[in-house]
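Shown next, in structure tokens, is the structure this report addresses.
The values are calculated or read from the model by the stated rules, or taken from the named source; none is laboratory data. In this text, all values refer to a predicted model and were calculated from it rather than measured experimentally. Reconstructed Cβ throughout: ideal geometry from the backbone, glycine too, with neighbour counts over all protein chains shown. With ligands, DNA and RNA removed, areas are computed over all heavy atoms of the protein, side chains included. Shrake-Rupley method; radii C 1.70, N 1.55, O 1.52, S 1.80 Å.
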Amino acid sequence: MDCAFTTTHNAVSATAITNFYSSKKSSNFRFFTVKCSNNLSAGAAGLVERPWKVADARLVLEDGSIWKAKSFGARGTQVGEVVFNTSLTGYQEILTDPSYAGQFVLMTNPHIGNTGINFDDEESVQCFLAGLVIRSLSISTSNWRCKETLGDYLAERNIMGIYDVDTRAITRRLREDGSLIGVLSTEDSKSDEELLKMSRTWDIVGVDLISGVSCKSPYKWVDRTGSDWEFNNNGRSKETFNVVAYDFGIKHNILRRLASYGCKITVVPSTWPASETLKMKPDGVLFSNGPGDPSAVPYAVEAVKELIGKVPVFGICMGHQLLGQALGGKTFKMKFGHHGGNHPVLNLRKGCVEISAQNHNYAVDPESLPEGVEVTHVNLNDGSCAGLASSKMKLMSLQYHPEASPGPHDSDTVFGEFIQLMKQEKVKA
């Protein structure tokens, strides 16, 4: 059956069209008329507010691409390095990880915000990242611990966020071209050309980001992992160990895991002299995670160098890179880094694979390391160095986060290995 669709405001009248088909005397045609009306005078008087949010933000990348999006959180203009994170959960821990200072974090998982925000999962005292980029912002929250929405949380902390942007396309671009500098703006007064110029004149390489996230004076840490969240009580020593933890941007759960393994911890600033650390007579020293380029903080490399061989040391993430440089090795900037809670790592000592949580843009070149330094872990995605050790120099390190938060707990036993390293040194003494 054929249908004739007519409207009363076409140039050809509905009557003319009806007469035309009637003249065919065909029973195959049926007719209906739709009357359309459009009050143009109302539109001329001014735009009617739409019941949905429209694009009011731009992400301009240094390659010249411009991505229209909707804003949430704070408003304004911000510049940063765009990286993607493949974690499925844990956006709050990611927001409060100091290692993201100076970066826009793009979440590849499309649906973000559904569990809201609680104040137990924070990894530091504030948000250090430059902004958050997501595909879909949840319109509601559903979690018994939720205290407020993600949008309100970011607005209170002056952190910008955008959504309804093609995060898959941006991720593909970052994987193909490498990490890119971007500018996020909600300001109509700034042209695309101005924002592009900002992205091409700002750089994160060679910038000391650690000094902006480290504590300003030493303090004691005593909190352990809560009993409701404890997942590994095996092989714990009743003996206690005094640990000095260098804060290069340390996460709270690293400290909780150390405390849970029996450590009494003193956290010191990134600029704390090695001589002062030795005066404290620690059983071991932790070099924490942190943001940015390890080559931009020579003062930290010198402190690490002075402590190697004198006391057992354990480096995590940035601490691993600083150990590599202190040993005479080289570090390099990766194409797009490792960011996520699902990275496979081969533990060469145990002959097993661990799924790890990672967040870094730099890596240690294992070919540049001196003899006697063992590569203990390898990232299975790209073969990069993920762990070092030297029994002679009493050191160990990982390029990823054994405490996870968020992420799997496959590597938590490395804290026990640090305890054993300190215990062996105590026995020798």
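Scan the range 191-228 for residues that are open to solvent by 60 Å² or more (accessible area, probe 1.4 Å), touching a residue at least 12 places away in the same chain (Cβ under 8 Å) and more than 17 Å from THR266 (Cα to Cα) and report the count.
5
The rows are residues; the columns are (1) surrounded by 19 or more Cβ atoms within 10 Å (Cβ to Cβ); (2) modelled with pLDDT of 90 or more; (3) more than 30 Å from SER356 (Cα to Cα).
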| site | (1), (2), (3) |
| --- | --- |
| ARG30 | no, no, yes |
| ALA42 | no, no, yes |
| VAL48 | no, no, yes |
| ALA57 | yes, yes, yes |
| LYS70 | no, yes, yes |
| ARG75 | no, yes, yes |
| VAL79 | yes, yes, no |
| THR86 | no, yes, no |
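Given ALA429, ALA389, which one is of a type in the set (A, V, I, L, M, F, W, C), out of contact with any Cys (no Cβ under 8 Å at 6 or more places or on another chain) and without any contact (Cβ under 8 Å) to a residue 12 or more places away in the chain?
None of the others qualify; the one that does is ALA429.
GLY178 - would you say it is open to solvent by less than 90 Å² (accessible area, probe 1.4 Å), under 12 Å from LEU59 (Cα atoms) and either out of contact with any Pro (no Cβ under 6 Å at 6 or more places or on another chain) or hydrophobic (A, V, I, L, M, F, W, C) (or both)?
On the way: open to solvent by less than 90 Å² (accessible area, probe 1.4 Å): yes; under 12 Å from LEU59 (Cα atoms): no; either out of contact with any Pro (no Cβ under 6 Å at 6 or more places or on another chain) or hydrophobic (A, V, I, L, M, F, W, C) (or both): yes.
Criteria not met by GLY178.
Can you tell which of ALA259, ALA245, ALA274 is aliphatic (A, V, I, L, M) and touching a Ser or Thr at 6+ places or on another chain (Cβ under 7 Å)? Steps first, please.
Details: ALA259 fails: touching a Ser or Thr at 6+ places or on another chain (Cβ under 7 Å); ALA274 fails: touching a Ser or Thr at 6+ places or on another chain (Cβ under 7 Å).
Just a single option satisfies the conditions, and that option is ALA245.
Would you confirm, using the coordinates I've provided, whether ALA274 is surrounded by 14 or more Cβ atoms within 10 Å (Cβ to Cβ), among the aliphatic types (A, V, I, L, M) and more than 24 Å from the chain's Cα centre (by Cα)?
yes
Search the range 229-252 for residues being part of a loop (DSSP other than H, G, I, E, B), in contact with a Phe, Trp or Tyr (Cβ under 8 Å, 6 or more places away or on another chain) and modelled with pLDDT of 80 or more, and hand back the single one that is surrounded by the most Cβ atoms within 10 Å (Cβ to Cβ).
Only one residue fits best here, namely PHE248.
Show the residue pairs meeting these rules: Cβ distance below 7 Å; 6+ apart or different chains; first residue within the range 242-270 and in the same structural domain as ASP121 (by the TED database) and over 28 Å from SER295 (Cα atoms); second residue of a type in the set (Gly, Ala, Ser) and open to solvent by less than 10 Å² (accessible area, probe 1.4 Å).
Cβ pairs passing all conditions: none.
Collect the residues in the range 382-429 that are open to solvent by less than 10 Å² (accessible area, probe 1.4 Å), in a loop (DSSP other than H, G, I, E, B) and of a type in the set (A, V, I, L, M), keeping them in residue-number order.
Answer for the range 382-429, where residues must be open to solvent by less than 10 Å² (accessible area, probe 1.4 Å), in a loop (DSSP other than H, G, I, E, B) and of a type in the set (A, V, I, L, M): just ALA404.
Only one of (1) under 26 Å from the mean Cα position of the chain (by Cα); (2) among the aliphatic types (A, V, I, L, M); (3) not in a loop (DSSP other than H, G, I, E, B) is not met by ILE204, so which one is it?
So the condition that ILE204 fails would be (3).
Here is a list of conditions, (1) surrounded by 14 or more Cβ atoms within 10 Å (Cβ to Cβ); (2) of a type outside the set (A, V, I, L, M, F, W, C); (3) part of a loop (DSSP other than H, G, I, E, B), and ASP188 meets all of them except one; can you say which number that is?
Only one criterion in (1) surrounded by 14 or more Cβ atoms within 10 Å (Cβ to Cβ); (2) of a type outside the set (A, V, I, L, M, F, W, C); (3) part of a loop (DSSP other than H, G, I, E, B) is unmet by ASP188, namely (1).
Would a scan of the range 121-141 turn up a residue that is modelled with pLDDT of 95 or more, outside any loop (DSSP other than H, G, I, E, B), open to solvent by 10 Å² or more (accessible area, probe 1.4 Å) and charged (D, E, K, R)?
No, the range 121-141 contains no residue that is modelled with pLDDT of 95 or more, outside any loop (DSSP other than H, G, I, E, B), open to solvent by 10 Å² or more (accessible area, probe 1.4 Å) and charged (D, E, K, R).
Going residue by residue through the range 284-295, is there one that turns out to be assigned to a helix (DSSP H, G or I), open to solvent by 20 Å² or more (accessible area, probe 1.4 Å), more than 26 Å from VAL427 (Cβ to Cβ) and in contact (Cβ under 8 Å) with a residue 24 or more places away in the chain? Give the derivation first.
Filtering the range 284-295 down to residues assigned to a helix (DSSP H, G or I) leaves 294-295.
Checking which are open to solvent by 20 Å² or more (accessible area, probe 1.4 Å) leaves us with 295.
Filter once more, keeping what is more than 26 Å from VAL427 (Cβ to Cβ): 295.
Keeping just the survivors that are in contact (Cβ under 8 Å) with a residue 24 or more places away in the chain gives 295.
Yes, that holds for at least one residue.
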